[in-house]
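To start, the structure under review is shown below, and the notes come after it.
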Amino acid sequence: MDGDIVTDKQNAWIKAALLVGIIGLAAFFRLYRIDSLPPGDSYDPAFYGIDALSILKGNTPIFFEGNFGREPLFSYLLAFFFLLFGPSTQTIHLASAFVGILTIPATYWVAKELFSEDEEILKEWGGLVAALVIAISYWHLNWSRFGVRAVLVPLFAAVTFYLLWRGLRTGKRSLFIACGGALGLSLYTYQAARLLPLLVVFGFIYYLWDQCPISRQDCFNFALVVGVSCLVFAPLGYYFITHPGSFSERIDQVFVLDIKYFLRSLLFLNFGGDTKPLVTIPGRPALNPFLSLLFFGGIGLTLARVKKPNRLFLLT
């Protein structure tokens, strides 16, 4: 038994060291030559810089109306970075890179939690592999350095889903409260985060359906997440109610119902990406051939175990 304890401690130290190494690798990729790469700037990061300067002068809006309307969280984070490092283009990219680095341990914890009751190899190493893939992912690296609020979405998705799944497994009320807080705060990041509440609902359904019968406590926990998230979102929600056009202005600007663009969107992950040099290497897909194989292989493995709530949740 003592030998098992020693082995468990050794495994824990090895995993901790590997995680620290992965975070260090991610930090290097996101911070190396941050003063010159990307080699130029665009109007989007510039708008966030203007927002941050406005905040430091005492203007504290709940929603920024310029540049088609923007949720405020990244601008407030950037204002804090301006206080620490001074206003500059480099600081804008540094704030974005900081969010990208934080996403690595968040990804580790959510993957570790999702695979906590899965096959032994996924239970032991799934979290570290997920963190490593995000650390070296061109797609995430690109947006970690670019300097826009969209990079907040993966971080809040990982934190929200970790708290959700941990709460469902342990039943701890504090985790559902924290999940509701993270979910509500995620809606202050970027429009794509508006899908996260739907995914949280699916997560509840999948897990509780597998654990039937559903108890009164389960319903209370769900109500807790909904209630806390609505409370956190209320100030921004009130703004959208009183300024109805602001909720969908950006979506209306970019939404195109065209089969050509739909097919291009499907292919950009693996076969060809955006052609604008402003935001990426023109034509480069989000995933390289090796990660593309893992992507499709992961979908296949997920479908093979789709009756498990964690696999169904990942597929969703």
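General observations
- Some residue of region 192-202 being among the aromatic types (Phe, Trp, Tyr), surrounded by 13 or more Cβ atoms within 10 Å (Cβ to Cβ), at pLDDT 95 or above and within 22 Å of residue 117 (Cα to Cα): yes
- Whichever residue in region 236-248 is part of a helix (DSSP H, G or I) and open to solvent by 70 Å² or more (accessible area, probe 1.4 Å) and, among such residues, is farthest from residue 184 (Cα to Cα): 244
- When restricted to residues that are farther than 25 Å from residue 192 by Cβ and aliphatic (A, V, I, L, M), region 54-93 contains 3.
- Pairs linking a residue in region 13-39 that is under 19 Å from residue 111 (Cβ atoms) to a residue that is surrounded by fewer than 16 Cβ atoms within 10 Å (Cβ to Cβ) and not aliphatic (A, V, I, L, M), with Cβ atoms under 9 Å and 6 or more positions apart or on different chains, are 15/124.
- Selection status of residue 294, open to solvent by 80 Å² or more (accessible area, probe 1.4 Å) and either within 30 Å of residue 119 (Cβ to Cβ) or part of a helix (DSSP H, G or I) (or both): yes
- For region 110-123, residues that are surrounded by fewer than 20 Cβ atoms within 10 Å (Cβ to Cβ) and in contact (Cβ under 8 Å) with a residue 40 or more places away in the chain total 3.
- Unique residue being closer than 30 Å to residue 166 by Cβ, hydroxyl-bearing (Ser, Thr, Tyr) and either in a helix (DSSP H, G or I) or at pLDDT 95 or above (or both) when the list is 60, 107: 107
- Scan of region 18-47 for residues that are among the charged types (D, E, K, R) and more than 14 Å from residue 96 (Cβ to Cβ), ordered by number: 33
- Selection count where residues are modelled with pLDDT of 95 or more and in a loop (DSSP other than H, G, I, E, B), scope region 82-104: 2
- Options 111, 106, 131, 95: the member that is under 19 Å from the mean Cα position of the chain (by Cα) and within 22 Å of residue 33 (Cβ to Cβ): 95
- Residue that is surrounded by the fewest Cβ atoms within 10 Å (Cβ to Cβ) [pool: residues in region 297-306 that are among the β-branched types (Val, Ile, Thr) and under 21 Å from the mean Cα position of the chain (by Cα)]: 299
The values are calculated or read from the model by the stated rules, or taken from the named source; none is laboratory data. Keep in mind the model is a prediction, meaning the values are calculated, not measured. Don't worry about glycine lacking a Cβ; one is built from the backbone with ideal geometry, like all the others, and counts go over all protein chains shown. Note: accessible area is taken over every heavy atom of the protein model, side chains too, but ligands, DNA and RNA are not part of it. Shrake-Rupley method; radii C 1.70, N 1.55, O 1.52, S 1.80 Å.
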